[in-house]
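> Dropping the structure in here first, questions after.
Every read-out reported here was derived from the displayed coordinates using simple, explicitly stated rules and does not represent laboratory data. Worth saying up front: this structure is predicted, and the values here are computed from it rather than measured. Ideal geometry is used to build each Cβ from the backbone, glycine not excepted, and the neighbour counts take in all protein chains shown.
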Amino acid sequence: MAPEPDTSLFQHTVAFTGRLASMKREEAFALVRQHGGTPRRGLTKKTGVLVVGELGWPLLSNGQPS
């Protein structure tokens, strides 16, 4: 049997930006809520985790986030 994944990161305010590859945004929000977190569509001072989806954050010419 596979070990349970660590979901402690979900117990914060989790902000999402960009398009998610493996699920719809509402599914991701529900997953965060299931684990005691608060999902958001944008950054705030309370953001503890940022999930960056496809085209979600501009990159510099060297590939690093801006």
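> Please give me the summed charge of the neighbours of Phe29: other residues whose Cβ is under 11 Å from its Cβ, Lys and Arg +1, Asp and Glu -1. Each step should come with its number before you reach the end.
Numbers: positive: Lys24, Arg25, Arg33, Arg40, Arg41; negative: Glu26, Glu27.
Taking every Cβ under 11 Å from that of Phe29, the sum is +3.
> Stretch Met23-Lys46 to full length: gain in nm at 0.36 nm per residue minus the Cα-Cα span?
Working: separation 23, 0.36 × 23 = 8.28 nm, distance 2.41 nm.
This chain segment gains 5.9 nm when fully extended.
> Show the residues, 5+ positions off or on another chain, whose built amide H is closer than 5 Å to the amide H of Thr38.
Amide H neighbours of Thr38, under 5 Å, 5+ apart: His12, Thr13, Val14.
> What net charge is computed for the residues neighbouring Gly53, neighbours being all others with C-beta under 10 Å from the C-beta of Gly53, Lys and Arg scored +1, Asp and Glu -1? Display every interim value, and only then the final one.
Working: positive: Arg19, Arg25; negative: Glu54.
Overall, the nearby charge balance is +1.
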